[in-house]
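One structure below.
The values are calculated or read from the model by the stated rules, or taken from the named source; none is laboratory data. The shown structure was predicted, so the numbers you read here are calculated from the model rather than taken from an experiment. As a convention, Cβ positions derive from the backbone with ideal geometry for all residues, glycine included, and neighbour counts pool all protein chains shown. We work out accessible area using only protein heavy atoms, side chains counted, and drop any ligands, DNA or RNA first. Shrake-Rupley method; radii C 1.70, N 1.55, O 1.52, S 1.80 Å.
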Amino acid sequence: MKNVKMGKSDLHVFPIGLGTNAVGGHNLYPNLNEETGKNLVREALKHGVTLLDTAYIYGVGRSEELIGEVLREFNREDVVIATKAAHKKTGDGFVFDNSPAFLKTSVDESLKRLKTDYIDLFYIHFPDEHTPKDEAVGALDELKQAGKIKAIGVSNFTIEQLKEANQNGLVDVLQSEYHLLSREAEQTYFPYTQEHNISFVPYFPLASGLLAGKYNENTTFPEGDLRREMEQFQGSRFQENLKKVQQLTSIAEKHNVGIAHIVLAWYLARPEIDMVIPGAKHAAQLKDNLKAVEIQLSQAEIAFIDQLFVN
Ligand code: NAP
């Protein structure tokens, strides 16, 4: 499959990127091994992945640092780095800040951690309460003019905040939660992103592993794992989700792949989605996920999956 363009930007990426919240994201997953994380990034780039999705908050800078170390082994121009910021450290936690001053400092700090002189795609990770969104994006546009970033993204913005942010047509990419178990984006965002040529990058494409078809009713997660808190992993909801996912088995068998690949292929078959960024805990998972780009789902299979996961 050929590279796809990210919105109005000049960025072109392989349709399967790598989500790196498990690369140095010690605050999100317990017992992460940093060498495994670096190897994940290395293997991804070796096997044709070009888009790496990271953020300051993944390990509070550690994910960016580890990616920066691996980046030195490759040609910088062959990699598209997306990172995000908005979390401002306070005494005992974080608050969101979208002020121009904070975003500009954040970009400079990300550049240092990534050991590079430009960031391909910089996202405002979460909206704050006070900054007008067009002002925040205006600050990113100044950084773009200065060559520090190449494209502008926003993440976790409501549709109203996205419209405000994009008043001057400056937003290239929106990243928000979307997967078969959570499809509100089809109504809220897709009409607008399609009309305004904004790439929609869905996060949690595998619903944090639930859509990979490997869990069963006895699956539990260790203390500190973010899935312990997630709604789709709770009680009867979890059991219903497992049953739906199991119904994808026959389609997966027909294509001789796993359920995760069928799910990723279903997203890529949608006109509103050009790329996905599944996360992985080790290189084998990531290499496995690349199979999704080869799958051609039939119209009947696409419709079956659509109906199965109506929500
Ligand atoms: P995800 O892509 O839905 O799920 C990834 C998890 O699924 C992996 O960590 C692995 O978990 C399992 N998995 C992946 N490939 C598999 C395979 N082939 N077979 C079996 N299991 C497989 O969730 P995510 O990693 O949290 O989200 C993706 C990316 O989106 C993140 O890395 C991050 O870059 C981005 N994100 C952004 C935001 C935001 O606010 N903008 C929020 C969340 C995530 P196990 O092996 O542990 O089961």
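Side notes on the structure shown:
- Candidates in the stretch 1-13 are the residues that are touching a strand residue (DSSP E or B) at 6+ places or on another chain (Cβ under 8 Å) and under 20 Å from LYS84 (Cα atoms); of these, the one that is most open to solvent (accessible area, probe 1.4 Å) is ASP10.
- Residue in the stretch 197-219 that is hydroxyl-bearing (Ser, Thr, Tyr), in contact with a strand residue (DSSP E or B) (Cβ under 8 Å, 6 or more places away or on another chain) and open to solvent by 40 Å² or more (accessible area, probe 1.4 Å) present: yes
- Pairs, first under 18 Å from ILE277 (Cβ atoms) in the stretch 159-178, second open to solvent by less than 40 Å² (accessible area, probe 1.4 Å) and among the basic types (Lys, Arg), C-beta under 8 Å, six or more apart: GLN175/LYS84
- Residues satisfying the stated conditions in the stretch 245-280, i.e. open to solvent by 60 Å² or more (accessible area, probe 1.4 Å) and farther than 19 Å from GLN296 by Cβ: GLN246, GLN247
- Sub-7 Å Cβ pairs linking a first residue in the stretch 42-56 that is within 10 Å of GLY19 (Cα to Cα) and touching a residue at least 24 places away in the same chain (Cβ under 8 Å) to a second residue that is aromatic (Phe, Trp, Tyr) and open to solvent by 30 Å² or more (accessible area, probe 1.4 Å), at least 6 apart or interchain, are LEU51/PHE14, ordered by first then second residue.
- Where strands (runs of 3 or more DSSP E) sit wholly within the stretch 64-174, those with at least 2 residues that are at negative phi and open to solvent by less than 60 Å² (accessible area, probe 1.4 Å) occupy 80-85, 119-124, 149-155.
- Selected residue [charged (D, E, K, R), within 22 Å of LEU140 (Cβ to Cβ) and more than 10 Å from the ligand (Cβ to nearest atom)] from ARG42, ARG62, ARG76: ARG76
- As a summary of the residue check, GLN239 satisfies the conditions (1) more than 25 Å from GLN187 (Cα to Cα); (2) within 13 Å of the ligand (Cβ to nearest atom); (3) part of a helix (DSSP H, G or I); (4) not charged (D, E, K, R) except for the one numbered (2).
- Hits in the stretch 224-244 - residues which are in contact (Cβ under 8 Å) with a residue 40 or more places away in the chain, of a type outside the set (A, V, I, L, M, F, W, C) and surrounded by 13 or more Cβ atoms within 10 Å (Cβ to Cβ): ASP225, GLN232, ASN241, LYS244
- Flag for GLN232 being assigned to a helix (DSSP H, G or I), polar (S, T, N, Q) and in contact with an Asp or Glu (Cβ under 8 Å, 6 or more places away or on another chain): no
- Scanning the stretch 180-213 for residues that are in contact with a Lys or Arg (Cβ under 9 Å, 6 or more places away or on another chain) and within 14 Å of the ligand (Cβ to nearest atom) gives LEU180, LEU181, SER199, SER208, GLY209, LEU210.
- Test result for ARG113, among the basic types (Lys, Arg) and within 16 Å of the ligand (Cβ to nearest atom): yes
- Test result for THR83, farther than 23 Å from ASN197 by Cα and of a type in the set (S, T, N, Q): no
- Matching residues in the stretch 281-311 - criterion: being near the ligand (Cβ under 9 Å from one of its atoms) and open to solvent by 20 Å² or more (accessible area, probe 1.4 Å): LYS281, HIS282, ALA284, GLN285, LYS287, ASP288, LYS291
- Residues of the stretch 23-36 satisfying the condition of being away from the ligand (no atom under 11 Å from the Cβ) and either open to solvent by less than 10 Å² (accessible area, probe 1.4 Å) or touching a Cys at 6+ places or on another chain (Cβ under 9 Å) (or both): GLY24
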